[in-house]
Amino acid sequence: MSTTSGTKSEGGIGEAIRVVIHALIIAAVIRTFLFQPFNIPSGSMESTLLVGDYLFVSKYSYGYSHYSLPFSPPLFSGRVFGSAPARGDVVVFRFPREDNIDYIKRVIGLPGDHIQMKEGLLYINDVPVKRERVADFVGEDPCGSGDATARVKQWQETLPNGVTYKTLDCVDNGYYDNTAVYVVPEGHYFMMGDNRDNSSDSRVASGVGYVPEENLIGRAQIIFFSVDRGEQAWQFWRWPVSVRWSRLFSVIR
């Protein structure tokens with residue numbers, strides 16, 4: 001009887017180990033090829049994405065590069081099953097100058113485009129992007145002043161392909177509100193944050209600069225969880241007051 005019991009026990013442990021291994025393999029496949037979770041640590045994409053948002057990024061949207069793989073081993077160059085992002089997509093990519101860091105911005109310029117800012121207005125190929133003033137953003141301070149809440153000027157931009165989104169304008173005539181013309185090289189993209197005066201993006205040549213196609217990770221699709229700035233997602237006992245319930249499962253545009 002003891003031998004049979006021991007065999008059953010060993011079989012139960014072995015089955016549990018197999019289930020765990022299978023679950024880990026499935027999770028790794030999903031994370032590598034389908035969806036990967038990311039969280040937002042900075043305010044460069046406000047008001048579209050807030051600090052404390054947790055989102056899923058579709059890894060298959062633009063195909064796969066070696067950055068799609070766990071630990072990013074340089075097994076191959078270029079992209080497999082690649083497709084180009086659309087203007088206006090919100091994209092996660094690897095920082096070109098330090099490729100172990102993930103950034104998230106909006107695709108503004110495609111290869112060959114001429115991009116420029118004049119007095120805070122975005123120009124694409126010498127044509128001003130349509131924008132209109134909308135209600136001020138009111139909420140957790142997106143401008144770095146340290147205030148708990150703030151009221152910030154907000155615009156709605158409409159790109160040439162019809163994609164619309166809101167941008168924040170923390171200061172008039174900000175440092176990158178007037179720029180030279182950027183000519184986007186082939187195989188690269190021009191990225192900008194929606195929080196225009198508080199975003200290090202492709203306007204900063206010594207920072208993000210032009211983003212190589214190979215560095216694209218995926219398209220931001222949906223916010224699956226969100227907590228207030230300064231809160232910790234794992235502190236479930238604070239969820240009744242810390243979770244931004246209205247943002248859960250909202251589609252990113």
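The values are calculated or read from the model by the stated rules, or taken from the named source; none is laboratory data. Please read all numbers here as calculations on a predicted model, not as lab measurements. Heads up, the Cβs are rebuilt from the backbone with ideal geometry, glycines too, and the neighbour counts pull from every protein chain shown. Keep in mind that these areas ignore ligands, DNA and RNA; they rest on the heavy atoms of the full protein, side chains included. Shrake-Rupley method; radii C 1.70, N 1.55, O 1.52, S 1.80 Å.
Structure values in brief
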{"quantity": "Members of region 174-213 found to be open to solvent by 10 Å² or more (accessible area, probe 1.4 Å), in contact (Cβ under 8 Å) with a residue 60 or more places away in the chain and among the polar types (S, T, N, Q), listed by number", "calculated": "Asn178, Thr179, Asn198, Ser199, Ser200"}
{"quantity": "Residue within region 225-245 that is surrounded by 14 or more Cβ atoms within 10 Å (Cβ to Cβ), β-branched (Val, Ile, Thr) and free of Cβ contacts under 8 Å to residues at least 60 places away in the same chain present", "calculated": "yes"}
{"quantity": "Leading residue by the ranking (farthest from Arg229 (Cα to Cα)) among those in region 132-164 that are of a type in the set (D, E, K, R) and either touching a residue at least 60 places away in the same chain (Cβ under 8 Å) or open to solvent by 70 Å² or more (accessible area, probe 1.4 Å) (or both)", "calculated": "Glu132"}
{"quantity": "Tally of residues being closer than 17 Å to Ala233 by Cβ, in a strand (DSSP E or B) and open to solvent by 60 Å² or more (accessible area, probe 1.4 Å) across region 29-43", "calculated": "2"}
{"quantity": "Counted residues, region 214-224 - those being in contact with a Leu (Cβ under 9 Å, 6 or more places away or on another chain) and either at pLDDT below 95 or open to solvent by 10 Å² or more (accessible area, probe 1.4 Å) (or both)", "calculated": "3"}
{"quantity": "Candidates Ser83, Ser77, Ser61 - the one that is assigned to a loop (DSSP other than H, G, I, E, B) and either touching a strand residue (DSSP E or B) at 6+ places or on another chain (Cβ under 9 Å) or of a type in the set (D, E, K, R) (or both)", "calculated": "Ser61"}
{"quantity": "Evaluation of Asp126 against (1) within 27 Å of Val227 (Cβ to Cβ); (2) open to solvent by 10 Å² or more (accessible area, probe 1.4 Å); (3) modelled with pLDDT of 95 or more (one fails), failing number", "calculated": "(1)"}
{"quantity": "Flag for Ser42 being at pLDDT below 90 and either of a type in the set (Ser, Thr, Tyr) or touching a Pro at 6+ places or on another chain (Cβ under 9 Å) (or both)", "calculated": "no"}
